[in-house]
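In what follows, a structure is listed as structure tokens, so that the remarks can point back to it.
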Amino acid sequence: MDGTSHLFLPFTAALNPGVRVRTVSYPVDEPLGYEALASIARSVLPPDEPFILLGESFSGPIAVMLAAEGHAQLKGLVLCCTFVRNPLPWLARLRALIGVLPFGGAPLWVMDHLLLGKFATQSLRAALALAVGQVAPGVMRARLRAVVAVDVAAQFGNVRVPCLYLQAAHDRLVPPEAASLIAALKPDTQVVRVNAPHCLLQAAPADAAAAVEEFSRQVQRAG
């Protein structure tokens with residue numbers, strides 16, 4: 001949700017050196033919604049070489065929106081700890097309170113509990129605090145409002161490439177029902193469960209990289 005791309009470093013470092021990676025960074029001071037952020041991500045897609053698209057957490061719906069467009073070079077879609085519609089329906093009832101949530105002033109233990117849990121380390125805490133601290137509170141509130149309203153289930157039904165879902169076994173933010181819905185909408189979706197918290201790519205980068213690389217090999221063999 002921070003959108004800075006800094007938190008991807010452990011995952012990208014765990015990938016095979018031959019894997020080329022492009023990360024997307026969102027503005028830290030503009031309260032943009034999903035459509036506008038999808039336009040930013042779209043501009044980063046490689047125009048003339050095959051690629052796999054990965055969407056983590058908040059950015060899952062953006063990855064689905066782009067994948068549904070049928071890009072000629074898109075070969076696979078990876079969704080990590082994410083959703084196609086609001087994963088916490090009770091948030092809709094509290095929508096009016098989002099404007100007063102203390103983003104920027106929330107104690108770090110709250111983030112630790114929700115995003116890292118028992119997997120928290122000093123380095124992970126520091127990286128998380130640094131990334132979130134770069135984003136204006138108003139931007140974080142806008143993104144939370146976007147999560148409450150999002151529904152790309154129909155667009156996900158239009159995705160024609162193979163899909164992999166990385167599910168964190170100890171996710172305290174996105175419930176298992178989010179993965180179940182994705183599997184129901186697209187039954188051939190591979191679901192890989194990883195011993196990790198919501199910040200799966202950060203806490204278990206080697207496991208995540210192995211799963212993505214195996215998925216990539218499968219996609220290549222399928223032609």
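None of the figures in this text is laboratory data; all of them are computed from the coordinates on show. The shown structure was predicted, so the numbers you read here are calculated from the model rather than taken from an experiment. Counting neighbours? That spans all protein chains shown, and the Cβs are built from the backbone with ideal geometry, glycine included.
Tell me which residues come under 5 Å, amide H to amide H, from Leu54 once H is placed; ignore anything under 5 positions away on its chain.
Val78
Apply the a/c threshold of 1.5 to the C-alpha gyration tensor of the stretch 143-223 and tell me whether it is rounded, prolate or oblate. If you can, show how the numbers build up before the last one.
On the way: a/c = 2.00, a/b = 1.09, b/c = 1.83.
Oblate shape, in that a/c is at least 1.5 and b/c is the bigger or equal ratio.
Of all beta bridges DSSP finds with both residues in the chain, what is the antiparallel percent, to the nearest 5?
Details: 1 of 16 bridges.
Around 5 percent antiparallel, to the nearest 5.
Taking all pairs of distinct Cα atoms, average 1/r, flip it, and tell me the Kirkwood hydrodynamic radius of the stretch 1-64 in Å to one decimal place. Mind showing how you got there, number by number?
Details: mean 1/r = 0.0781 Å⁻¹.
Radius from the Kirkwood sum: 12.8 Å.
Could you work out how much longer the chain between Gln220 and Arg125 gets when fully extended? Use 0.36 nm per residue separation minus the Cα distance between them, nm to one decimal. List each step's numbers first, then the result.
On the way: separation 95, 0.36 × 95 = 34.20 nm, distance 3.65 nm.
Taking 0.36 nm per residue and subtracting the Cα distance, the gain is 30.5 nm.
For the stretch 142-149, just list the computed ³J(HN,Hα) in residue order, Karplus coefficients 6.51, -1.76 and 1.60, θ = phi - 60°, integers in Hz, with x standing in for Gly and Pro.
Residue by residue, the stretch 142-149 yields 4, 5, 5, 4, 5, 4, 4, 8 Hz.
Run the numbers on the chain and let me know its relative contact order in percent, using alpha-carbon pairs under 8 Å that are six or more apart.
On the way: 365 pairs, mean separation 62.7, N = 223.
Normalised by residue count, the contact order of the chain is 28 percent.
If you put +1 on each Lys and Arg Cβ and -1 on each Asp and Glu Cβ, how big is the dipole of the chain around its Cα centre, in Debye rounded to 20?
Once rounded to the nearest 20, the dipole reads 280 debye.
Given only helices, namely DSSP H runs of n ≥ 4 each adding -39500 (n - 2.57), what is the per-residue ellipticity at 222 nm of the chain, to the nearest 500 deg cm²/dmol? Don't skip to the end; give the middle numbers.
Details: 11 runs with 92 residues, N = 223.
-11500 deg cm²/dmol, from helical runs alone.
Under the Karplus relation 6.51 cos²θ - 1.76 cosθ + 1.60, θ = phi - 60°, what is the ordered set of whole-Hz ³J(HN,Hα) values for the stretch 24-40, x standing for Gly and Pro?
Listing the rounded values in order: 10, 10, 9, x, 8, 10, 10, x, 9, x, 4, 4, 5, 5, 5, 5, 5 Hz.
Distance between Cα centroids, the stretch 1-36 to the stretch 149-200: provide it in whole Å.
19
Need one number: nm distance between label points at Ala136 and Arg193, each 7 Å from Cα along Cα→Cβ, rounded to one decimal.
Between Ala136 and Arg193, the label points sit 4.2 nm apart.
Mind sorting out which of (i) 18.8, 54; (ii) 16.5, 51; (iii) 19.2, 67 is the real Rg and Dmax of the Cα atoms in Å computed from the coordinates?
Among (i) 18.8, 54; (ii) 16.5, 51; (iii) 19.2, 67, the one calculated here is (ii).
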